[in-house]
Amino acid sequence: LKRNQFGGTLGGRIIKDKLFFFGGYQGTRNRQNPPQTIAYVPTAAAQQGNFSTLESAGCQSSGKARTINDPLSGQPFPGAQVPISRFDPAAVKLLKYLPATSDPCGKVTYGIPSTGDEDQMIGRVDWVKSDKHAVFARYFLVDYSNPAQDPTANLLITTSPGNLERSQSITFGDTYTFEPTKVNSFHGTFTRVRDNRSPNSQDINPGTLGANVFIGVPNDLNIGVTSAFSTGCGTCSPGHFNVNTFQFADDLDLIRGRHRMAFGVDVIRTQNNLLAAPSRNGQFTFGGQSSGDPMVDLMLGALSGFSQSTPQQQALRQTVLGLYAQDTFH
């Protein structure tokens with residue numbers, strides 16, 4: 001874990017009589033790559049069709065040896081030997097993108113690199129136009145960056161999505177004192193939150209392995225091998241989640257004798273622009289229903305599940321109106 005934080009404040013200063021400026025900045029740099037993720041991949045022997053060690057009692061969580069069956073005949077593979085001529089070509093191509101293992105049970109331990117860099121900036125200008133009139137403007141910006149990492153050496157790290165986020169807020173305020181007992185305050189705010197999600201450009205897709213399926217994304221592969229390993233994920237596919245919010249509020253305060261009255265209106269307009277494609281290239285699942293071992297099912301190309309969907313795009317809109325009136329009597 002390596003972590004650095006730095007920041008500073010651009011101190012306030014008077015630019016001109018009754019005009020004041022304030023600004024600040026802070027940044028955080030975060031680098032993490034803890035080797036704490038465990039998966040199981042085909043060993044060198046299994047890649048040659050020899051699953052005897054993987055099916056032995058020493059490699060089973062139950063402590064009992066497992067029998068693997070031929071999906072065509074329903075009979076056990078003699079000596080847990082699977083003819084490599086039966087291997088699915090796409091599964092064979094997948095092997096070169098997986099990390100090598102020296103563990104007899106195929107165990108690999110690796111880290112998924114993460115950055116999580118964040119930058120924050122703020123600036124504000126206040127203008128006291130007169131004894132009765134004051135105006136301010138404020139801008140706030142936050143950038144967050146955690147891109148997906150290059151999976152060329154290890155395709156298993158694609159189970160973590162990449163995110164690039166930016167949040168911006170602009171606020172304008174105007175306060176006018178008509179008289180000591182009559183004050184009006186107006187605020188207008190625009191907020192935009194942008195979240196772009198995507199896998200790394202070096203990621204592969206099912207077509208790279210020779211799978212004959214529709215390819216909607218050039219760099220997304222979602223495979224799940226039960227109790228062994230997985231690549232990609234439903235939330236790793238490209239998408240964006242952008243929200244724009246406009247808000248206008250006006251408050252009027254009055255004092256009349258023993259009454260202190262307040263009246264106000266608040267209008268919020270929200271725009272949600274969303275795009276998600278969780279299984280545009282398909283989701284491939286190997287659960288072991290055919291042979292008794294999910295890893296053997298993978299090598300034979302015996303799917304236990306497959307799903308695919310079109311992109312899900314939404315443009316949601318909502319307007320919220322709030323009114324209030326209050327009277328405090330002394």
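Data overview
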{"read-out": "Among F22, F248, F178: highest mean-square fluctuation, GNM of the chain, C-alpha pairs under 10 Å", "value": "F178"}
{"read-out": "Proximal aspartates and glutamates relative to K182, as straight alpha-carbon distance under 15 Å, when same-chain residues fewer than 8 apart are discounted", "value": "D131, D174, D250, D251, D253, D327"}
{"read-out": "Accessible surface, 1.4 Å probe, highest first, among residues H330, H240", "value": "H330, H240"}
{"read-out": "Exposure of Y176 as accessible area (Å², to 10), given a probe of 1.4 Å and all protein chains", "value": "80 Å²"}
{"read-out": "If the convex hull is drawn through the Cα atoms of the chain, its volume per residue in Å³", "value": "198 Å³"}
{"read-out": "Cα-based equivalent ellipsoid, the stretch 118-193: semi-axes from gyration tensor eigenvalues, Å", "value": "47, 11, 6"}
{"read-out": "Filtered trypsin sites (Lys or Arg not before Pro), the stretch 65-114: DSSP coil and at most 11 other beta carbons within 10 Å", "value": "K96"}
{"read-out": "Residue-count net charge about F306 - beta-carbon cut-off 14 Å; Lys, Arg +1, Asp, Glu -1", "value": "-1"}
{"read-out": "Alpha carbon convex hull of the stretch 40-83, projected area averaged over orientations, nm²", "value": "3.3 nm²"}
{"read-out": "Surface share of carbon and sulfur [accessible, 1.4 angstrom probe, percent] for the stretch 146-260", "value": "54 percent"}
{"read-out": "Potential lengthening between R269 and K93 on full extension [0.36 nm per residue; Cα-Cα distance subtracted]", "value": "58.3 nm"}
{"read-out": "Extension reserve of the H187-Y324 stretch, reckoned as 0.36 nm per residue once the Cα distance is removed", "value": "47.7 nm"}
{"read-out": "Where the chain is the region considered: accessible area per residue in Å², 1.4 Å probe", "value": "55 Å²"}
{"read-out": "Cut-off 13 Å between beta-carbons: net charge of the residues surrounding L254, Lys and Arg +1, Asp and Glu -1", "value": "0"}
{"read-out": "Span from the the stretch 23-94 Cα centroid across to the the stretch 166-194 one, whole angstrom", "value": "59 Å"}
{"read-out": "Residue-wise HN-Hα coupling along the stretch 124-136, computed from phi with Karplus coefficients 6.51, -1.76, 1.60 (Hz; x: Gly, Pro)", "value": "9, 10, 10, 10, 8, 5, 7, 5, 9, 10, 10, 10, 9"}
{"read-out": "S169 paired with A262, simple spin-label distance in nm, labels 7 Å along Cα-to-beta-carbon", "value": "2.0 nm"}
{"read-out": "Calculated diffusion of the stretch 179-330, Stokes-Einstein form, Kirkwood radius summed over Cα pairs, 4 °C and 1.567 mPa s, µm²/s", "value": "65 µm²/s"}
{"read-out": "Net length gained if the chain between K18 and Q313 were fully extended (0.36 nm per residue, minus Cα distance)", "value": "101.3 nm"}
{"read-out": "Convex hull (Cα only) mean projected area of the stretch 91-240, reported in nm² to one decimal", "value": "13.6 nm²"}
{"read-out": "4 °C / 1.567 mPa s Stokes-Einstein diffusion coefficient of the stretch 103-143, Kirkwood radius on C-alpha pairs, µm²/s", "value": "84 µm²/s"}
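The values are calculated or read from the model by the stated rules, or taken from the named source; none is laboratory data. Note that the coordinates shown come from a computational prediction; the quantities given were computed from them, not determined experimentally. Cβ: placed from backbone, ideal geometry, glycine included. Neighbour counts: every protein chain shown. All accessible areas refer to the heavy atoms of the entire protein, side chains included, with ligands and DNA or RNA removed. Shrake-Rupley method; radii C 1.70, N 1.55, O 1.52, S 1.80 Å.
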